[in-house]
Amino acid sequence: MRMDAPRRHYLMPLVLLLGAVATLLPIAASVLLARQQARAQQEQRALFYARDVMRRSEDTLRQIGDAFTLLAATPDLPPCSLLRRQVMQRIDAQSSYIQFVGRLQGGRIVCASYGQFEVPLDVGKPDLVTANGYRVWPELRFRFAPDKAFIGVGNDRFIAVIHKSLPVDTTVAERGVSLAIISLAGQRTLATRGRFLPAWMPGVDDLAPGHQSTRPIGRNIVSQVRSQDADLLAVVAMNEDDYGRELAQFARILVPIGVFTGLLLAYAVRRVAKVQMSLPAVIRSGLRNREFFVEFQPVVRLEDEAWVGAEALIRWKRPGGNLIRPDLFIPAAEETGLIHAITLDMLRLVAPTLTALAARDDDAFLSINLSRQDLREPGLEALLHDLVARTGIRPAQLHLEITERGLSDTVHVRSLIDRLRATGLCVAVDDFGTGYSSLAELVQFNLDVIKIDKAFVDTIDGTTVTSQVAAHIVEMAHALSLGMIAEGIERRSQVEILRRWRVPFGQGYLFARAMGSQAFLEGLARQDRAAGGRPG
Ligand code: C2E
Ligand code: MG
Ligand code: MG
């Protein structure tokens, strides 16, 4: 069954809505994509920086460990002997991160790689002690560099001193990045760059050793990397200003693409809508300019596949050569009250073929399709009688196809059908089975033929429920002594079954497609010659 075309007053708002959706959707999608991209990039960068902070810290710790091992390996010389200081100097020279190493005695550095102090450097008690026994002074200041802060890491006899800024001295490309290295044991920062919010401080068990996490905390993307072996955790936070900048960067590329595709889609929607909405106007001009023509699809006797008649099918060729399918314009014409004008054109178009058929001495018929609206036209009967009279065919050679929907105007249509049949015309119900009426309801109309819709014929060589419905329709039609034409036959297997069911006639691409009048008439003539019935 054909769908009704949407009513025109629904069409405009629908088009506007579709147009708006078509424009906005790609833009929204591109903004969303830009957001995602910017977010992902920022997360990646935060993690990259955090890993770098961790790498620097772990390298420093390794150097300190190596230094202590070396110092422990030298015999316990007097604390500040020359030999001891030479070892210390070697350590300073070899390790890139350590500023200097020194000898600890009672909370003081009594001598260092570069000399013995007259006044020892006081470091006091360590602020924290790590799990592997290192003492840590996170905030050391010395007389000789009053404006610099240092970190001291020591064991019971030695201390290694590094610049406090060293672990967080990573090169970063953007502003608003906070970096920190944290001692998990002490739950405090050892070194920070930029501000550090307490919310970024992880709990001791938040991350397993060697793991990392990157997630939004508040208005920042925060990446945390925990060391595999040491009690250290690196934190990098990037704030949203930066994220916004990145977003803007992506948006500059993606949004124009979104706008472009949006406009393209909107244009496409508009074009389709324009074609749809102006269809009535175009149909009118098509009728004026005689753009419609007719083709004939043969109907065959299934027993021997001989052509017994044809269905006239309207065709529309636009000036550019575009062929518009009846499925498209017939519903629109029915919707806008133009269908009768098409039917009138059809009656004009089939006349020559009817005249040609009248010249033969057989029953070859032509069927034409009538819409519901045609049946309400007061002049219809007169037109049909006039056509019969003008062309000289016998009325039984003109078949009228009315769809199930066309039959819904019960009382009026019933009497119309009766009158038409009384004059000898043949009336068929088209697309049978696709409407709502049952065969029993059809009995109230005096019909000659039912055309079993392609939807049913499609299934008869299968095993679906529909195939049984088709069998049932055929059975009932036999019981009611109705003629039958099976539509849309495409396969041999269908023909076999239809023959077994004693369906007398069929129509479909298997036998023939719709063709021009001349081809149809020639086909009939060829058939005559083959049968030897008529002189060639
Ligand atoms: P319909 O009256 O059921 O016509 C049969 C349709 O099925 C035709 O499509 C025909 O080409 C197609 N058909 C026939 N055999 C096969 C087959 O084996 N396989 C397939 N896939 N299709 C097959 P068409 O010509 O596109 O017409 C479509 C519909 O448009 C018609 O369905 C009819 O409802 C309407 N129509 C066509 N001409 C007119 C007309 O002059 N007036 C009115 N009111 N409606 C018409
Ligand atoms: Mg038809
Ligand atoms: Mg049909």
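For THR60, state whether it is buried (at least 18 other Cβ atoms within 10 Å of the Cβ) and at pLDDT below 80. Please lay out each step first, then the result.
Details: buried (at least 18 other Cβ atoms within 10 Å of the Cβ): yes; at pLDDT below 80: no.
So THR60 does not fit the description; no.
Mind telling me which of the residues ARG325, ARG271, ARG348, ARG301 ends up being within 16 Å of ligand 3 (Cβ to nearest atom) and of a type in the set (D, E, K, R)? Talk me through it step by step, then tell me what you get.
Details: ARG271 fails: within 16 Å of ligand 3 (Cβ to nearest atom); ARG348 fails: within 16 Å of ligand 3 (Cβ to nearest atom); ARG301 fails: within 16 Å of ligand 3 (Cβ to nearest atom).
So the residue among ARG325, ARG271, ARG348, ARG301 that is within 16 Å of ligand 3 (Cβ to nearest atom) and of a type in the set (D, E, K, R) is ARG325.
May I ask you to verify whether VAL235 is surrounded by 12 or more Cβ atoms within 10 Å (Cβ to Cβ), touching a Ser or Thr at 6+ places or on another chain (Cβ under 8 Å) and of a type in the set (Val, Ile, Thr)?
Details: surrounded by 12 or more Cβ atoms within 10 Å (Cβ to Cβ): yes; touching a Ser or Thr at 6+ places or on another chain (Cβ under 8 Å): yes; of a type in the set (Val, Ile, Thr): yes.
Yes.
Kindly provide the set of residues from segment 498-508 that are away from ligand 1 (no atom under 15 Å from the Cβ) and either of a type in the set (Gly, Ala, Ser) or in a helix (DSSP H, G or I) (or both), ordered by number.
Within segment 498-508, ARG499, ARG500 qualify.
So for segment 412-422 (the condition being under 23 Å from ALA332 (Cα atoms) and away from ligand 2 (no atom under 16 Å from the Cβ)), does at least one residue qualify? Reasoning before the result, please.
Our first condition is that a residue be under 23 Å from ALA332 (Cα atoms); within segment 412-422, this holds for 413.
Now narrow it down to the ones that are away from ligand 2 (no atom under 16 Å from the Cβ): 413.
The answer is yes; a qualifying residue exists.
Scan ASP386, ASP448, ASP418, ASP430 and give me the residue that is surrounded by 14 or more Cβ atoms within 10 Å (Cβ to Cβ), charged (D, E, K, R) and more than 15 Å from ligand 3 (Cβ to nearest atom).
Details: ASP386 fails: surrounded by 14 or more Cβ atoms within 10 Å (Cβ to Cβ); ASP418 fails: surrounded by 14 or more Cβ atoms within 10 Å (Cβ to Cβ); ASP430 fails: more than 15 Å from ligand 3 (Cβ to nearest atom).
After ruling out the rest, the residue left standing is ASP448.
Restricting the first residue to segment 312-327 and requiring it to be among the charged types (D, E, K, R), which pairs with a second residue that is at pLDDT 90 or above and within 14 Å of ligand 2 (Cβ to nearest atom) meet a Cβ separation below 6 Å and a spacing of at least six or different chains?
Final answer for the pair search is ARG315/GLU295.
With ALA486, ALA477 as the choices, which residue is surrounded by 15 or more Cβ atoms within 10 Å (Cβ to Cβ) and within 16 Å of ligand 1 (Cβ to nearest atom)? Before the answer, list the steps.
Working: ALA477 fails: within 16 Å of ligand 1 (Cβ to nearest atom).
Exactly one residue qualifies, and that residue is ALA486.
Go through the residues of segment 392-406 one by one and say whether even a single one is polar (S, T, N, Q), over 24 Å from VAL350 (Cβ atoms) and away from ligand 3 (no atom under 15 Å from the Cβ).
From segment 392-406, those polar (S, T, N, Q) are 397, 403; that's our starting set.
Going one step further and asking which of them are over 24 Å from VAL350 (Cβ atoms), we end up with none.
Checked segment 392-406: no residue is polar (S, T, N, Q), over 24 Å from VAL350 (Cβ atoms) and away from ligand 3 (no atom under 15 Å from the Cβ).
Pairs, please: C-beta under 7 Å, at least 6 apart or cross-chain, first residue at pLDDT 85 or above and in segment 187-200, second of a type in the set (D, E, K, R)?
ALA191/LYS164
Within 13 Å of ligand 1 (Cβ to nearest atom) and in contact with a Lys or Arg (Cβ under 7 Å, 6 or more places away or on another chain): does that describe PHE456? First the steps, then the outcome.
Working: within 13 Å of ligand 1 (Cβ to nearest atom): yes; in contact with a Lys or Arg (Cβ under 7 Å, 6 or more places away or on another chain): no.
For PHE456, the condition - within 13 Å of ligand 1 (Cβ to nearest atom) and in contact with a Lys or Arg (Cβ under 7 Å, 6 or more places away or on another chain) - is not met.
Quick test of your reading of the structure: ALA273 fulfils all but one of (1) more than 38 Å from the chain's Cα centre (by Cα); (2) more than 14 Å from ligand 1 (Cβ to nearest atom); (3) part of a helix (DSSP H, G or I); (4) small (Gly, Ala, Ser). Name the failing condition by number.
Of the numbered conditions (1) more than 38 Å from the chain's Cα centre (by Cα); (2) more than 14 Å from ligand 1 (Cβ to nearest atom); (3) part of a helix (DSSP H, G or I); (4) small (Gly, Ala, Ser), the odd one out for ALA273 is (1).
So which strands (runs of 3 or more DSSP E) are wholly in segment 389-473 and hold at least 3 residues that are in contact with a Cys (Cβ under 8 Å, 6 or more places away or on another chain) and of a type outside the set (S, T, N, Q)?
On the way: elements: 398-403, 426-432, 449-452.
So the answer is 398-403.
The values are calculated or read from the model by the stated rules, or taken from the named source; none is laboratory data. Keep in mind the model is a prediction, meaning the values are calculated, not measured. FYI the Cβ positions are ideal-geometry reconstructions off the backbone, even for glycines, and counts take in every protein chain you see.
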